[in-house]
Ligand SMILES: CC(C)(COP(=O)(O)OP(=O)(O)OC[C@H]1O[C@@H](n2cnc3c(N)ncnc32)[C@H](O)[C@@H]1OP(=O)(O)O)[C@@H](O)C(=O)NCCC(=O)NCCS
């Protein structure tokens, strides 16, 4: 999948393959630091499987892997949704629209009839542009998280009904 020119670099997006695993792991370690597997959101990825059709990488004009995004099936009560992340962009190309392009492309692929909401832990200032808003107070993760960073994207009628503690839902793959 080709992408537009981002700043001074040409980015292309590609479905993630198993062969990308080492490059993605290196990108995530650099972007988040080695401790990120201890974060609460990681509890929702354990014993879970990323949605293959929504996992994408970004390559620069030299074919280097410079970005990655994935989504994981989760439930809040009976509502089926997706946990977005990790999203990471190589520091050398940050601020050139790669993150937004990865998100926009993949969010457009999400079928709201199958996944009624997308949830993530991140900065509202960044994710608001993609339609994310601070989660209702009755939505929780299975561990500590700054409530101001718990963000949800959903139709208003769905958003207002969401409540409970998020849990992995590998059966939705
Ligand atoms: C956050 C991240 C994915 C953004 O990717 P990116 O490709 O650099 O972002 P884009 O170029 O698509 O967007 C840049 C815009 O977002 C803004 N932005 C970037 N990170 C931001 C943040 N944490 N909070 C608010 N705004 C942010 C920039 O100021 C810029 O704004 P502008 O368009 O008004 O100039 C990337 O910086 C990254 O990998 N960071 C380290 C890992 C991380 O924190 N991941 C997110 C976890 S929730």
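Here, each number is a calculation from the coordinates, and none is a lab measurement. Quantities reported herein were computed from a predicted structural model and do not represent experimental measurements. Glycine gets a Cβ as well: all are built from the backbone with ideal geometry, and neighbour counts include every protein chain shown.
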Counting every Cα pair in the range 2-172, what percent are over 18 Å apart?
-> 59
What's the FRET efficiency of residue 108 with residue 165 using the Cβ-Cβ distance as r and R₀ = 45 Å, to the nearest 0.05?
-> 0.95
In nm, what is the difference between 0.36 nm times the number of residues separating residue 12 and residue 128 and their Cα-Cα distance?
-> 39.4 nm
Sorted by Cβ neighbour density within 10 Å, fewest at the top, the residues 9, 152, 119 = 9, 152, 119
Report the extension gain between residue 29 and residue 62 in nm, rounded to one decimal, defined as 0.36 nm multiplied by the number of residues separating them, less their alpha carbon distance.
-> 9.8 nm
With everything on Cα atoms, drop me the angle between helix 98-107 and the longest principal axis of the chain, reported from 0 to 90° to the nearest 10.
-> 50
Taking 60, 23 and counting other beta carbon atoms within 10 angstrom, the fewest-first order is 23, 60
Hey, in the GNM for the chain with a 10 angstrom Cα cutoff, which one of 142, 86, 34 fluctuates hardest?
-> 34
Likely footprinting exposure, 106, 165, fewest C-beta neighbours within 10 Å first = 165, 106
Cα→Cβ-extended label distance, 7 Å offset, between residue 75 and residue 38, nm = 3.1
Hey, what number do you get for the chain at 222 nm if only DSSP H runs of n ≥ 4 count, each worth -39500 (n - 2.57), divided across all residues, to the nearest 500?
-> -4500 deg cm²/dmol
